Amino acid sequence: MRFHRASATSIQSAERSELPASASPGSAGYLGEESMMLQNPSTLQVDDETEAETAEFYAKALLSTGAVTLPSHMLVAALTDAYFEHIHLHQPLVDRTDFERFQSPLLVHSICMLASAYGHRRKGISQLSAAKKHYLKAKLLLATEHERNKLVVLKALCLMTCRSMTEPTVICLDSLWHWLGAASRYAIHMGLHKEATYSGNQDAGTRRRMWWHLFNQDKLVSFCYGRPQMIHMHDTDVQPLSQSDFPQEHPDNNIFIERTKLCMIFGQLADGRYNPNLSYGDIAPIGQAFETWVCELPAELTLQYTDSKPYRRVVSELHILYYACLLIYQLSLMKVEPVSSSARATFEECVQTASHMIRVFDEIQCRNDVLYLAPINAWFCYLAGVVQIRAQATFSGQGGGFDDNLEIVRAVLQELSATVPSSALVLGNLKRAELSGGTLPGQHSAHSANPSADGLANSDANNEDNIATESLAGPDGRRNPSNILGGLGEGMDSSSLFWPSGLIADGNVNFDFGDVFVDQIFQYQ
């Protein structure tokens with residue numbers, strides 16, 4: 001990647017002084033058909049008598065902080081390579097050609113911010129400290145509107161949604177929650193929620209990727225924090241992702257495509273969290289969608305390791321997302337099971353799903369790859385850990401495998417604390433959950449719920465053997481056994497699936513790593 005420090009600043013300054021606001025690409029904000037306002041706002045020029053004063057104020061702020069000054073070419077190249085190697089496949093927001101095309105300090109600092117937060121220390125500086133330096137400069141460049149290209153601004157905002165400089169309980173404008181809201185609103189302002197705005201646009205592919213990235217983040221963060229969604233399926237008609245939305249067709253593009261498919265299924269759970277009338281018949285068919293996802297998964301994205309298809313963290317992380325979504329579905333199913341015996345069987349499936357997820361985390365740690373995991377994985381660890389704690393009390397006398405799994409969860413979270421600020425919060429809540437779990441009486445003795453019963457506790461994580469997983473409940477209320485990770489044959493016709501509008505969780509459930517969520521799982525009798 002060639003990027004010249006001196007030319008970048010001069011080019012950007014020229015753009016600021018010579019390019020009128022109306023000429024900035026995408027500067028006309030979207031107005032819906034039902035709006036009574038002017039449909040072509042770009043034709044209306046408004047004189048701002050404070051523009052010169054504002055520009056001077058911003059220029060002083062940028063000069064005094066050095067926000068427009070770029071890091072060394074060597075560091076930028078290293079961090080850019082790190083982004084494309086470790087982050088891009090799950091969050092393909094920037095293309096290699098963007099740096100030469102836009103010559104944007106905002107884009108460079110945003111990439112450096114994100115890449116610095118992943119991986120191991122560089123030059124003895126902690127990941128969070130290194131990321132914070134670039135974050136502050138990117139934040140100031142956004143606040144001063146130094147970058148005039150709206151597409152680049154949205155790219156930077158999307159990159160801001162990939163990390164959090166604070167814990168989720170801190171109310172501030174540096175939170176992931178804030179940046180996700182700002183990016184989503186900005187994208188809607190650009191009209192990215194409507195398919196019609198993509199027609200004939202040379203950047204249609206990257207715009208579509210950014211929109212679906214925001215959709216994915218919205219579903220996961222909404223559930224993680226127990227807060228309302230910002231993007232609803234009925235408000236958008238954007239077409240699903242395809243290989244044509246990437247600069248070049250490549251099998252690795254399927255990682256983001258499949259990630260988005262999972263989040264679309266997960267979104268059905270998120271949509272129904274506040275539905276008081278949700279029934280078992282409503283939620284059970286979501287299991288079919290998860291089964292379809294696995295059956296239709298490209299062979300190169302399965303966890304069946306062979307000489308020709310070795311371990312890849314990006315693939316393992318995709319399956320962690322799958323297990324987490326499936327686990328939440330199963331926990332949700334328990335709340336509406338028609339009989340208590342069905343609830344017990346579902347809980348056993350929850351335990352097995354959590355155990356599978358933990359074994360994937362275990363292998364990632366063995367490969368020394370934990371520090372490249374996205375922050376949401378701290379919450380996934382918590383989900384799996386709490387289920388293991390509940391299982392210890394539920395299935396008394398068979399806690400050896402549960403203890404091993406909990407030790408893996410604690411070790412992963414401890415390592416993640418170097419890159420994910422909320423990991424300490426998660427660890428504290430997990431400890432509190434363990435103390436609560438220790439006071440619960442054992443209730444069942446079930447061999448099927450023990451992690452070692454399916455060979456997981458005593459095997460290497462996700463080895464060459466296919467991973468046979470849990471049974472899912474079908475729409476008829478009967479339990480249909482299915483090998484939903486090993487099955488790569490003919491999948492179900494996804495058009496036949498019923499997409500329900502609701503889920504179990506009542507509106508008071510707090511998914512912000514808190515005690516209420518622990519209580520929800522511990523309610524199981």
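Numbers for the structure displayed
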read-out: Residue check for residue 256: at pLDDT 95 or above and in contact with a Pro (Cβ under 6 Å, 6 or more places away or on another chain); value: yes
read-out: Output for region 312-340, where each listed residue is open to solvent by 40 Å² or more (accessible area, probe 1.4 Å) and part of a loop (DSSP other than H, G, I, E, B); value: 312, 335, 338, 339
read-out: Region 284-302, residues that are in contact with a Gly (Cβ under 9 Å, 6 or more places away or on another chain) and part of a loop (DSSP other than H, G, I, E, B); value: 284, 285, 296, 297, 302
read-out: Some residue of region 148-161 being in contact (Cβ under 8 Å) with a residue 40 or more places away in the chain, closer than 21 Å to residue 72 by Cβ and open to solvent by 40 Å² or more (accessible area, probe 1.4 Å); value: no
read-out: Every pair of residues 6+ apart whose Cβ atoms lie under 6 Å, when the first sits in region 301-327 and is β-branched (Val, Ile, Thr) while the second is part of a helix (DSSP H, G or I); value: 314/255; 315/301; 320/357; 320/360; 320/380
read-out: Among (1) open to solvent by less than 20 Å² (accessible area, probe 1.4 Å); (2) closer than 17 Å to residue 29 by Cα, the one test that residue 180 misses; value: (2)
read-out: Sole residue being open to solvent by less than 20 Å² (accessible area, probe 1.4 Å), in contact with a His (Cβ under 8 Å, 6 or more places away or on another chain) and assigned to a helix (DSSP H, G or I), chosen from 266, 256; value: 256
read-out: Some residue of region 233-251 being crowded, with 20+ Cβ neighbours inside 10 Å, touching a Leu at 6+ places or on another chain (Cβ under 7 Å), modelled with pLDDT of 90 or more and under 30 Å from residue 32 (Cα atoms); value: no
read-out: Breaking point among (1) in contact with a Ser or Thr (Cβ under 8 Å, 6 or more places away or on another chain); (2) under 18 Å from residue 122 (Cα atoms), for residue 71; value: (1)
read-out: Residues of region 83-115 satisfying the condition of being open to solvent by 10 Å² or more (accessible area, probe 1.4 Å) and under 16 Å from residue 67 (Cβ atoms); value: 103
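The values are calculated or read from the model by the stated rules, or taken from the named source; none is laboratory data. This one's a predicted model, so the numbers in the text were calculated from it and none came from an experiment. Glycine gets a Cβ as well: all are built from the backbone with ideal geometry, and neighbour counts include every protein chain shown. Accessible surface is based on the protein model in full, side chains and every heavy atom, while ligands, DNA and RNA are left aside. Shrake-Rupley method; radii C 1.70, N 1.55, O 1.52, S 1.80 Å.
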